[in-house]
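*Asks:* Structure incoming, see below.
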Amino acid sequence: MTSSRRRTALPALLLLLAAACAIHATGHAAETPRTRVAGVAQAIEDHYFDADRGRTIADGLRAAAADGAFDALAAPQALAHALTTRLKPLDRHFHVRVAQSAETRERRAPRPDMGDGIERVEILPGNIGVLGLRGFADFDFGRSDAPARQAIDAALQRLAQTDAMVVDLRGNRGGSPAMVGYLASAFVAPGADIFNTFHSRAGTQSEAPAQWHPAPRTQLPLYVVIDAGTGSAAESFAYTLQQAGRATIVGETSGGAANPGGPITTREGLDVFVPTGSPVNPFSHGNWEGVGVQPDVPAAPDKALDVALERARKAVPRD
């Protein structure tokens, strides 16, 4: 081989060696938009709560990828955004992100801490109680000293002598079904059949609390304030009490995210949040997915609390 040929062949040889090393290190060749979409599609097919619909959604992604719909999205972040945009109309809980290592996630995460989720506990003129929640905190019914349960019990105790109550859920993105069931049980008769049943591939599970609130106020005039930022578990609380005829919902239509689930990391480097369950209400025999909780009294978000308070004061019996 002449020296000129050696100079021409050497860069190509080095590129081949680099590619071989990369494949050896990762176990597979560099990912493409199509392989990444295939991983997301498989996660949905394997875990979506409705197996048939999950397969249909997955097949739709595969067909779009085969048609080249995602070929220009070589950057994983751009592809994740495009997949989220495509999937969210099919289920409001769908979301795709670029996966991070555990170390990176620990270092960069903003560490959101819901705490007990309670934002406001106040008694206003007219003896109207206001309970504001920014989230539905989780707790274990097996622990009598669970901080979140102690906090909500303390809040309800403080409001125990009010003549009406407003629960403000504007901007509340959701949280734990344990708190949904427990707080709802503070306003209905013990054992009342009002709670959603979640259906999944593994079976069914009721949102009814493992332990009910010990002193429910079943006749208290109750108003729940919502807006477009009210989502998931917060919607479940409002929807449950509305369908049971136990609360008046004030505000604007909520976000419409009914089906809970969790993130699944694909081998191609994306995290996809897959809904693994779907609630069924005993009164409507459906849920609020895609349509949101519809207010009984429509009101602009910045006016909704005032509207609810006005209604609450009018509902209080006058001597």
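Any read-out appearing in this document is the output of simple, stated calculations on the displayed coordinates, not a laboratory observation. Predicted model, so just to flag it, every value in this text is computed and none were measured. Glycine also receives a Cβ, built like all others from the backbone with ideal geometry; neighbour counts cover every protein chain displayed.
*Asks:* Taking the criterion of being part of a loop (DSSP other than H, G, I, E, B) and under 21 Å from the mean Cα position of the chain (by Cα), would at least one residue in the stretch 152-167 satisfy it?
*Replies:* So far as the stretch 152-167 goes, no, none of its residues is part of a loop (DSSP other than H, G, I, E, B) and under 21 Å from the mean Cα position of the chain (by Cα).
*Asks:* So, one more: For the stretch 238-294, give me every one of the strands (runs of 3 or more DSSP E) that falls completely inside it and has 3 or more residues that are under 16 Å from Pro89 (Cα atoms).
*Replies:* Result: 270-275.
*Asks:* Which of the residues belonging to the stretch 241-283 are polar (S, T, N, Q), touching a Lys or Arg at 6+ places or on another chain (Cβ under 8 Å) and buried (at least 22 other Cβ atoms within 10 Å of the Cβ)?
*Replies:* At the first step, the residues of the stretch 241-283 found to be polar (S, T, N, Q) are 242-243, 248, 253-254, 259, 265-266, 276, 278, 281.
Keeping just the survivors that are touching a Lys or Arg at 6+ places or on another chain (Cβ under 8 Å) gives 248, 259, 266, 276.
Scanning the stretch 241-283 gives a single hit, Asn259.
*Asks:* How many of the residues making up the stretch 128-164 are farther than 18 Å from Val225 by Cβ, surrounded by 15 or more Cβ atoms within 10 Å (Cβ to Cβ) and not charged (D, E, K, R)?
*Replies:* 5
*Asks:* Quick one: which strands (runs of 3 or more DSSP E) sit completely within the stretch 174-232 and have at least 2 residues that are farther than 20 Å from Ile118 by Cα?
*Replies:* Here the list reads 197-200, 203-206.
*Asks:* Report, ordered by the first and then the second residue, all pairs with beta carbons closer than 7 Å, sequence separation of six or more or different chains, a first member in the stretch 132-152 that is in contact (Cβ under 8 Å) with a residue 60 or more places away in the chain, and a second member that is assigned to a helix (DSSP H, G or I) and buried (at least 16 other Cβ atoms within 10 Å of the Cβ).
*Replies:* Pairs that qualify, where the first residue is in contact (Cβ under 8 Å) with a residue 60 or more places away in the chain and the partner is assigned to a helix (DSSP H, G or I) and buried (at least 16 other Cβ atoms within 10 Å of the Cβ), are Phe136/Met179; Phe136/Val180; Phe136/Ala233; Phe136/Ala234; Phe141/Ala178.
*Asks:* Then there's this: Could you say whether any residue in the stretch 232-242 is out of contact with any helix residue (DSSP H, G or I) (no Cβ under 9 Å at 6 or more places or on another chain) and of a type in the set (Asp, Glu)?
*Replies:* Checked against the condition, which is being out of contact with any helix residue (DSSP H, G or I) (no Cβ under 9 Å at 6 or more places or on another chain) and of a type in the set (Asp, Glu), the stretch 232-242 yields at least one hit.
*Asks:* Could you list, in sequence order, the residues of the stretch 165-182 that are surrounded by fewer than 21 Cβ atoms within 10 Å (Cβ to Cβ) and not basic (Lys, Arg)?
*Replies:* Across the stretch 165-182, the qualifying residues are Gly171, Ser176.
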